[in-house]
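Readers should treat all values here as calculations from the given coordinates under stated rules, not as data from a laboratory. Note that the coordinates shown come from a computational prediction; the quantities given were computed from them, not determined experimentally. Positions of Cβ are generated from backbone atoms using ideal geometry, with glycine treated the same way; all protein chains shown enter the neighbour counts.
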Amino acid sequence: MRSPWLTATTLFVALLPAGCGASSAPRPSSDVPADDVRAVASFLGDVHPAPYRYVDPATLSQRVDSEVARLDALQEPTEFDVGLAIHRVLASVGDGHLAVAMPSFQPTAGVTLSLVPIMPIRIGARVLVDATTQDLPAGTELLAIDGVPIDDVYQTLAPLVLVDGARDELRRAGLERGFARYYPLAFGMRDRYVLRIQEPGADPRDLTLDGLDRDALGALVANRRSNALRGGPPLSPPWPTATRHDDAVILRLAGFGILDEAEYTRRTDALFAELSGDETLVLDLRGNEGGLRTNGIAVLNHVLASPYAQWQRMDTRIRQMPDAWRSAVTFPFVPESALTSYFPDDALVREGDPLAARMRPHGAGHRGRVLAFIDGATNSAAVEALVALRAARPDALLVGTETGGECGRHIGELPVQFSTPERGFGVLVSLIALTHVPVKGCEPGRGFVPDAEIALDEAAFLSGRDPYLDALTALSR
């Protein structure tokens, strides 16, 4: 079995979870937007493996009621009003694998998007322009968007970002990665946006820019000044690549979402065939949000020396989809019958790792030093690779910032798509929780904490320097 979770960005996400109140079947559509919030909360209360791990049922129910009351008070709630309500409710669940597809954001919707044309980044006390559609000097500060101070924008939007556990710093980092899709939830979407900026050595001024369509947003992401901090611009497709830095080889593993496992393994084998085995090896997992576990296994089978495992246990709360929700749910990656095949004999728990037979290294493993570059986007199958690495090689050093995925467990197997009854939001939720094999120092609700922490300083950002490489050089002395 393999993990079928593909990163939520393929749906251009904006998220949801919960689980409060009694189960209720989706109602016939009468365009009562608050029913979408109720339905999502009830659905997750019925099927999510751990809806109350980070919030008690009473508190979550109060949040649902508050958002329902807000929507009921609006004369004509927009899609963004409903999306805001869903995000506010779901953010308390602490499941970073939950994902919601905004209906108008889908390519098939026929909607012309006009997204905010800015990607900000907070460095210390200042928020700087990371990328925008107009060429601005390095170090330009972003002060406000459409008259709203940027600190207030962050304060409003960051709590909407879904993360594992309850980590505010992780929410801020997630907001900066997906700023354009979160912004309209609270501030709407318009044809043009007024940015209040201050260029170095100049007085503040207003800059009016047209909104972005979907393609232009992709180009903006590719041109972020902070891409140096992230290992480079996004790779599409994210095949593994190797570069050298001083005496180290950096294997960039930008994502495990490639479906062609055989080709991913072939390329990985070819890269390792070029190594002596004695050099310092860096597994660059920055920005790797996961994908297929087997792609990470293809790497680990060259790095480790003995058979290993990533999962200790799987558990679920259901063996089949409740009848009340069946008409609203699809199984986009694996069939519903997988639930019973994963958990035979009426069991709700399965011990061991189903892929253990594939986790058998090719030889003696990598003899040289091993490091891993990590950040807040490192999640899911990438974190599972770190689990096996640290369990088998506790000497492997982690460099960067705390991972987005929890080190001890995650809810990321057998995702289903739930369609809300009124506005048609698509909600992705996994039905199986995974407990990782034990790793020394792993704390519940936390990601992997780096041995050498990277803090982005303004000088590195302005010069386009990669502080991870600076740290690698320092560690090599």
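With +1 on each Lys and Arg Cβ and -1 on each Asp and Glu Cβ, how big is the dipole of the chain about its Cα centre, in debye rounded to the nearest 20?
Numbers: 45 positive and 61 negative charges, 177 e Å.
Dipole about the Cα centre, nearest 20: 860 debye.
Quick check for you: which residues of segment 275-290 have the amide N under 20 Å from the point 7 Å beyond the Cα of Arg367 toward its beta carbon?
Of the residues in segment 275-290, 275-283 have backbone N under 20 Å from the label point off Arg367.
What relative contact order, as a whole-number percentage, does the chain give when Cα pairs under 8 Å and 6 or more residues apart are counted? Spell out each step's value before the answer.
Working: 1052 pairs, mean separation 89.1, N = 477.
The value is 19 percent.
Each residue of segment 316-329 in turn: what ³J(HN,Hα) in whole Hz from Karplus with 6.51, -1.76, 1.60 and θ = phi - 60°, glycine and Pro shown as x?
Taking θ as phi minus 60°, the curve returns 9, 9, 9, 10, 7, 5, x, 4, 4, 10, 4, 6, 9, 10 Hz for segment 316-329.
Explain nothing, just the number: relative contact order of segment 191-303, from Cα pairs under 8 Å at least 6 residues apart, as a whole percent.
Values: 141 pairs, mean separation 23.8, N = 113.
Answer for segment 191-303 is 21 percent.
Can you give me the C-alpha center-to-center distance between segment 268-320 and segment 327-344, rounded to a whole angstrom?
26 Å
Average projected area of the Cα convex hull of segment 147-287, in nm²?
On the way: hull surface 49.1 nm².
Over all viewing directions, segment 147-287 projects a mean Cα-hull area of 12.3 nm².
So what does the Cα-only Debye profile of segment 340-477 read at q = 0.13, 0.19 Å⁻¹, as log10 I(q)/I(0), no solvent term?
Computed log10 I(q)/I(0) values: -0.74, -1.17.
Residue farthest toward the positive end of the dipole of the chain, with Cβ of Lys/Arg at +1 and Asp/Glu at -1: which of Pro332, Thr378, Leu398?
The listed residue farthest towards the positive side: Leu398.
Taking the Cα-to-Cβ direction at Thr78 and at Asp278 and moving 7 Å from each Cα, how far apart do the two end points lie in nm?
Between Thr78 and Asp278, the simple spin-label model gives 6.4 nm.
Summing -39500 (n - 2.57) over the DSSP H runs of n ≥ 4 in the chain and dividing by its residue number, what mean residue ellipticity at 222 nm do you reach, to the nearest 500 deg cm²/dmol? Could the numbers behind the result be given before it?
Details: 13 runs with 136 residues, N = 477.
Only helices count here, giving -8500 deg cm²/dmol.
Can you give me the Cα centroid spacing of segment 43-59 and segment 217-258 in angstrom?
Here the answer is 36 Å between Cα centres.
Once the dipole of the chain is set up with Lys and Arg at +1 and Asp and Glu at -1 on Cβ about the Cα centre, which of Ala219, Gly412, Ala58 lies farthest towards its positive end?
Gly412
Once R0 is set to 25 Å, what does the formula 1/(1 + (r/R0)^6) return for the Cβ-Cβ distance between Glu443 and Thr59, expressed as a FRET efficiency to the nearest 0.05?
Values: r = 23 Å, r/R0 = 0.92.
Between Glu443 and Thr59 the formula returns 0.60.
Running Debye on the chain with equal point scatterers at the Cα sites and no solvent, what base-10 log of I(q)/I(0) appears at q = 0.07 Å⁻¹?
These q points yield log10 I(q)/I(0) values of -0.37.
First select every other residue whose beta carbon is under 13 angstrom from the beta carbon of Ala125; then total the charges, Lys and Arg +1, Asp and Glu -1. Could you put the intermediate results ahead of the total?
On the way: positive: Arg122, Arg126; negative: Glu141, Asp151, Asp457, Glu458.
Around Ala125, the surrounding residues sum to -2.
Using the C-alpha atoms of segment 348-429, what convex hull volume per residue, in cubic angstrom, is computed? Each step should come with its number before you reach the end.
On the way: hull volume 11.4 nm³, N = 82.
Once divided by residue count, the hull of segment 348-429 is 139 Å³.
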